[in-house]
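Everything below concerns the one structure shown next.
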């Protein structure tokens with residue numbers, strides 16, 4: 001397929017197509033359309049790595065049967081939408097080594113960049129919470145050192161809170177993240 005933007009794709013076709021793209025190029029599939037992701041700034045890269053490291057350390061310390069993935073592991077929202085969050089956590093049996101898409105994340109993290117600000121807090125928020133297993137969506141704003149924590153209550157409603165320089169409890173899986181902006 002020479003110009004993927006000209007042809008609607010399914011998530012399944014997108015995942016196969018994405019594996020054929022040059023290393024370092026990142027794309028998402030939004031409502032059947034391929035969208036190329038912009039390059040990152042250093043603060044963005046540092047922050048997403050820090051969040052992934054904090055989640056990994058927390059699950060390791062608690063001995064949880066969970067795994068953290070950085071960007072590059074796709075989250076399949078539905079048959080026509082596949083997103084590439086900055087970090088994510090899923091629990092349960094380990095994925096096969098050749099897996100490229102996750103359908104059951106528990107936590108998804110997006111670090112806001114100038115090009116993603118509106119999408120991260122709008123369409124992605126709505127999309128990620130269409131996934132039944134998702135309990136937490138963290139939108140990390142590096143410029144204001146703020147995290148917007150959206151969480152799904154056990155009885156269904158999505159709650160939001162703004163976090164600045166304090167710990168974030170993610171329950172489930174029962175971990176606490178401290179020092180995202182250190």
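The values are calculated or read from the model by the stated rules, or taken from the named source; none is laboratory data. Owing to the predicted nature of the structure, the values given are computational and were not obtained by experimental measurement. As a convention, Cβ positions derive from the backbone with ideal geometry for all residues, glycine included, and neighbour counts pool all protein chains shown.
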| said: Within the stretch 93-102, does at least one residue satisfy the condition of being under 24 Å from residue 12 (Cβ atoms), buried (at least 18 other Cβ atoms within 10 Å of the Cβ), touching a strand residue (DSSP E or B) at 6+ places or on another chain (Cβ under 7 Å) and at pLDDT below 95? | reply: no
| said: If I filter the stretch 133-162 down to residues being part of a loop (DSSP other than H, G, I, E, B) and touching a strand residue (DSSP E or B) at 6+ places or on another chain (Cβ under 9 Å), which single residue comes out as surrounded by the fewest Cβ atoms within 10 Å (Cβ to Cβ)? | reply: 153
| task | Kindly indicate the residue of the stretch 31-46 that is in contact with a strand residue (DSSP E or B) (Cβ under 9 Å, 6 or more places away or on another chain) and either assigned to a loop (DSSP other than H, G, I, E, B) or modelled with pLDDT of 95 or more (or both) and also surrounded by the most Cβ atoms within 10 Å (Cβ to Cβ) among those meeting that condition. | result | 34
| Are there any pairs, at least 6 apart or on different chains, whose C-beta atoms fall under 9 Å, with the first in the stretch 140-161 and on the phi < 0 side of the Ramachandran plot and the second loosely packed, with under 10 Cβ neighbours inside 10 Å and not in a strand (DSSP E or B), and if so, which? | 159/153
| query | How many residues, within the stretch 162-176, are without any contact (Cβ under 8 Å) to a residue 12 or more places away in the chain and more than 24 Å from residue 67 (Cα to Cα)? | reply | 0
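So, residue 57, is that one surrounded by 17 or more Cβ atoms within 10 Å (Cβ to Cβ) and either within 14 Å of the chain's Cα centre (by Cα) or more than 17 Å from residue 27 (Cα to Cα) (or both) or not?
Answer is no for this residue.
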| said: Take the conditions at pLDDT 95 or above, assigned to a loop (DSSP other than H, G, I, E, B) and under 20 Å from residue 44 (Cβ atoms) and apply them to residue 173. Does it pass? | reply: no
| field | When residues of the stretch 111-128 are limited to those that are part of a loop (DSSP other than H, G, I, E, B) and crowded, with 17+ Cβ neighbours inside 10 Å, the one modelled with the highest pLDDT | value | 112
